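Structure first, then comments.
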């Protein structure tokens, strides 16, 4: 599968994460078809072609950390966007038990 096709699948998954929820890079990778793509998810989100449409701010690490390298304004911008949607961020971390999206299959 080519990079373009894998990125398209990743973007589809990310677009389906509802407001007020987050998903981990690994969760997005698994739902996009390959649980080993967590790093690829990061690469895809870093070059997000539609930041207002593909809500890459809703993707965090498995333990809820926001990205210090958030491509669209840094971690403070990611935190601001999440908090605007009702997701609490404490010390740069989201409570995954409370805010993690529970989608099982895409």
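Computed from the coordinates by the stated procedures, all read-outs in this text should not be read as laboratory data. Given the structure is predicted, the values throughout are model-derived calculations rather than measurements. Note: ideal-geometry Cβ built from the backbone for every residue, glycine included; neighbour counts use all protein chains shown.
Points worth noting:
- Checking each residue of the stretch 58-68 against the condition of being outside any helix (DSSP H, G or I), over 21 Å from residue 7 (Cα atoms) and touching a strand residue (DSSP E or B) at 6+ places or on another chain (Cβ under 6 Å) gives at least one match.
- Within the set 53, 66, the sole residue that is surrounded by 12 or more Cβ atoms within 10 Å (Cβ to Cβ), touching a residue at least 24 places away in the same chain (Cβ under 8 Å) and within 20 Å of residue 13 (Cβ to Cβ) turns out to be 66.
- Exactly one residue out of 87, 13 is in contact with a helix residue (DSSP H, G or I) (Cβ under 8 Å, 6 or more places away or on another chain), touching a residue at least 40 places away in the same chain (Cβ under 8 Å), part of a loop (DSSP other than H, G, I, E, B) and surrounded by 14 or more Cβ atoms within 10 Å (Cβ to Cβ): that is 87.
- Selected residue (criterion: farthest from residue 89 (Cα to Cα)) from residues of the stretch 16-30 that are in contact (Cβ under 8 Å) with a residue 60 or more places away in the chain and in contact with a strand residue (DSSP E or B) (Cβ under 8 Å, 6 or more places away or on another chain): 27
- Which listed residue, of 35, 5, is surrounded by fewer than 17 Cβ atoms within 10 Å (Cβ to Cβ), in contact with a helix residue (DSSP H, G or I) (Cβ under 6 Å, 6 or more places away or on another chain) and free of Cβ contacts under 8 Å to residues at least 60 places away in the same chain: 35
- Of everything listed in (1) in contact with a helix residue (DSSP H, G or I) (Cβ under 9 Å, 6 or more places away or on another chain); (2) part of a loop (DSSP other than H, G, I, E, B), the single unmet condition for residue 52 is (1).
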